[in-house]
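Trainee: Quick one: structure below, then a few questions.
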Amino acid sequence: MANRLYIGGIPYQTTENELRDAFAQAGSVVSSSIIMDKMTGRSKGFGFVEMSTDEEAQAAIAAWNGKDFQGRTLTVNEARPMEDRPRGGNGGGGNGARRDFGSRY
């Protein structure tokens, strides 16, 4: 069990301090972060909390997973390592690939 927890369903107005205070009820919080959208600066509605021990992480999962927090239901589970994802947005073409839109040649 890792001490780092994924927290989903965080209300958009929640601050990192409020998240930290809520999870401190289950034990010692090492760090808390809410992921923000780079373009808008608005919360993406998920984040991470790191607890000091595995036991405290388990207690935080038991205390908060599926529970109401500021009007939204939280999803709390062990954070998984970030996987490599393909870059790019629209899934086609690639880096400067030529597209043929019905050329007559």
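Since every read-out is calculated from the coordinates, none of them should be taken as a lab result. A quick note: this is a predicted structure, and the numbers were derived from the prediction, not measured. Because the Cβ atoms are built from the backbone with ideal geometry, glycine has one as well, and the counts that use them run over all protein chains shown.
Trainee: In units of 2.2 N^0.38 Å, what is the alpha-carbon radius of gyration of the stretch 4-78?
Mentor: On the way: Rg = 11.5 Å, N = 75, 2.2 N^0.38 = 11.3 Å.
The value comes to 1.01.
Trainee: Moving on. Taking 7 Å along the Cα-to-C-beta vector as the label spot, tell me the Lys38-Arg4 distance in nanometres, rounded to one decimal.
Mentor: So the label points at Lys38 and Arg4 sit 1.9 nm apart.
Trainee: Using per-residue counts of other Cβ atoms within 10 Å, averaged over each peptide, order 54-63, 32-41 from highest down.
Mentor: Numbers: 54-63: 17.0, 32-41: 11.9.
For the peptides 54-63, 32-41, the packing ranking is 54-63, 32-41.
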